[in-house]
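For reference, the structure is listed below as structure tokens.
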Amino acid sequence: MELDIDADAIERACLTLQGVARKTVLEKSDRLTAKVGVPVLLKREDTQPVRSYKIRGAYNLVSSLSTSERDLGVVCASAGNHAQGIAYSCNRLGIKGKVFLPATTPRQKRQRIGEIGGGWIEIVIAGHTYDEASVAAHLDAVRSGAVYAHPFDDPRTIVGQGTIAPELFDEAWEPPKTVIVPVGGGGLISGIAIWLKSRHPAVRIIGAEPAGAASMGAALALGAPVALESLDSFVDGAAVGRVGDITFAIVRDLVDEIISVPEGAVCSEMLELYQSEGIIVEPAGALASAAAKSLGGSLEGPVVCIVSGGNNDVSRYAEILERSLLHEGLRHYFLVSFPQEPGALRTFLEEVLSEGEDIVVFDYIKKNNRETGPALVGLDLESADLISGLLERMAASPLAIEQVPPGSPLFSFLL
């Protein structure tokens, strides 16, 4: 049976989701408004019962199942948030479900899935990426006869996610002119684009995907979905190696622009959202507002940024801070070879370092000989423009100093 996937279907899904998904608030960000130059509003999907928008598509799909389908149960693959939406839906509707998660899914998300699903959900860890977990889930669905609940490439999922769009115009005191949406597999932006281009076609729709998992950009460049050769899973909620066939066609036809956002910029925005707005987001939840900052004065306002989720594991904040500092040019690493003679370290401290440059890491690489180097030295700078003077002093120093750039293979081995 062919399923409707249009603005009317999205408006019907709004009725289905009443009492299930919250009509989340639309908050103005004074910080982003000042940086972008036009009003910037945050659509707070992190305040949903499962702390992400995924409840919309998951419940819309699961609630549509026939009696015979419900008896066979539901299977899904997810980086975490879709699984929480499925768990919530199965628990509420009394349907057995099995969720396949990649090993990179944060522990906090795994625990939440179990809590939300109660006795209705079984969790299976399969592979290291969403795509590997998806293969395992599809095989299980074929074997068991259970319904495969796709996290993005199913009309029922897309329609459910699209229910965000009508709310933007119900809540905004001035109609939005630009909407920025995080992109993983494309389900969220597809649903939003279908409704907006039907009801408010002049609105500019921009998709923001992580630079290390830019699968939609790759698909648009090729003219068809393509599997990425490599994938940075840090932005786990949007780290999809291949976008959907349905979602690709919708994005190609209806979305105005797709941009990629460096993971470091996502981390900086996560920290700013917490420090300025008091909002705790997962990496994917900061994609849209990070994109807004990068696009700056080119945006027509009001601008709405979808804060897609807040399921972040607090144990990740050390890595988040590290990635942010590296991206902002405030942290740098060097290999420093200290000769076996008195005063070598003092030379480095007094002649190389200056005010506003602090050692945050000092570790001898050769553990069997601590009198000679090299040592890995990490430095934090008060301002990114201090790096030029630091490099000049390093070049003039008698010490052998080699900078370790973040993109080099050596960087991953040392840190």
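The values are calculated or read from the model by the stated rules, or taken from the named source; none is laboratory data. Predicted, not measured: the structure shown is a model, and the values here were computed from it. With ideal geometry, Cβ positions are generated from the backbone for all residues, glycine too; neighbour counts draw on all protein chains shown. Side chains included, ligands, DNA and RNA excluded: accessible areas come from the protein's heavy atoms. Shrake-Rupley method; radii C 1.70, N 1.55, O 1.52, S 1.80 Å.
A few notes on this one:
- Over the range 32-146: Kirkwood hydrodynamic radius from C-alpha pairwise inverse distances, Å: 14.8 Å
- With the Kirkwood sum run over all distinct C-alpha pairs, the range 155-267 has a hydrodynamic radius of 14.1 Å.
- Check: the chain dipole with +1 on Lys, Arg Cβ and -1 on Asp, Glu Cβ, in debye: 1220 debye
- For the chain, average projected area of the Cα convex hull in nm²: 22.4 nm²
- Comparing the range 171-235 with the 2.2 N^0.38 Å rule of thumb, its C-alpha radius of gyration ratio is 1.29 (two decimals).
- Within the range 292-384, the percentage of alpha carbon pairs spaced more than 17 angstrom apart rounds to 67%.
- Global geometry of the range 197-258, whether rounded, prolate or oblate, following the gyration tensor of its Cα atoms and the 1.5 cut on a/c: prolate
- Note on Tyr148/Tyr364: beta-carbon distance plugged into 1/(1 + (r/R0)^6) with R0 of 41 Å gives a FRET efficiency of 0.20.
- When each of the peptides 219-232, 158-171, 12-25 is scored by how many other beta carbons lie within 10 Å of its residues on average, the order from highest to lowest is 158-171, 12-25, 219-232.
- Gain on full stretching of the segment that runs from Ala396 to Val38 - 0.36 nm per residue minus C-alpha separation: 124.2 nm
- Heavy atoms of the protein chains alone define the surface here; on that basis the chain has 41 Å² accessible area per residue at 1.4 Å probe size.
- Here the convex hull built on the C-alpha positions of the range 228-359 has a volume of 177 cubic angstrom per residue.
- Inter-part distance where the range 1-57 and the range 227-298 are each reduced to a Cα centre, Å: 16 Å
- With the gyration tensor restricted to C-alpha atoms of the range 248-296, the semi-axes of the equivalent ellipsoid amount to 24, 11, 9 Å, longest first.
- Simple label model, 7 Å out from Cα along Cβ direction - Glu300 to Glu257, nm: 1.2 nm
- For the range 101-218, the orientation-averaged shadow of the C-alpha convex hull comes to 9.5 nm² (one quarter of the hull surface).
- For Glu392, the solvent-accessible surface computed with a 1.4 Å probe is close to 130 Å², ligands and nucleic acids excluded.
- For the range 95-117 and the range 170-203, distance of Cα centres in Å: 29 Å
- Most to least packed among 338-348, 46-56 [average Cβ atoms within 10 Å]: 46-56, 338-348
- The range 129-180: radius of gyration over Cα atoms, expressed as a fraction of 2.2 N^0.38 Å: 1.71
- Calculated P(r) tail over 18 Å for the range 82-161, as whole % of Cα pairs: 40 percent
- Stokes-Einstein D in µm²/s, Kirkwood radius over Cα pairs - the range 274-314 at 20 °C with 1.002 mPa s viscosity: 193 µm²/s
- Taking other residues whose beta carbon is less than 14 angstrom from the beta carbon of Gly185, and scoring Lys, Arg as +1 and Asp, Glu as -1, yields -4.
- Fraction of accessible area attributable to carbon and sulfur, the chain (%, probe 1.4 Å): 51 percent
- Counting only Cβ charges, +1 for Lys and Arg and -1 for Asp and Glu, the dipole size of the range 198-324 around its Cα centre is about 300 debye.
- Spacing of the two label points (7 Å from each Cα toward its C-beta) at Lys28 and Ala224, in nm: 4.9 nm
- If both residues of a DSSP beta bridge must be in the chain, then about 45% of such bridges are antiparallel.
- The range 1-159: antiparallel DSSP beta bridges as a percent of all, rounded to 5: 20 percent
- Highest mobility in the GNM of the chain, judged by mean-square fluctuation with C-alpha springs under 10 Å and restricted to Ala146, Ala136, Ala395, is found for Ala395.
- Within straight-line cross-link reach of Lys28, aspartates and glutamates at Cα separation under 13 Å, skipping those fewer than 8 residues along the same chain: Glu171, Glu174, Glu277
- Candidates Glu132, Glu263, Glu209: whichever shows maximal mean-square fluctuation once the chain is modelled as a Gaussian network with Cα springs under 10 Å: Glu132
- Note on Glu171 and Ala384: their simple-model spin labels are 3.1 nm apart, each label 7 Å out from Cα toward Cβ.
- Among Glu115, Glu402, Glu269, the residue with the largest mean-square fluctuation in a Gaussian network model of the chain, with springs joining Cα atoms closer than 10 Å, is Glu402.
- For the range 16-119, the dipole from Cβ point charges (+1 on Lys and Arg, -1 on Asp and Glu) about the Cα centre works out to 260 debye, to the nearest 20.
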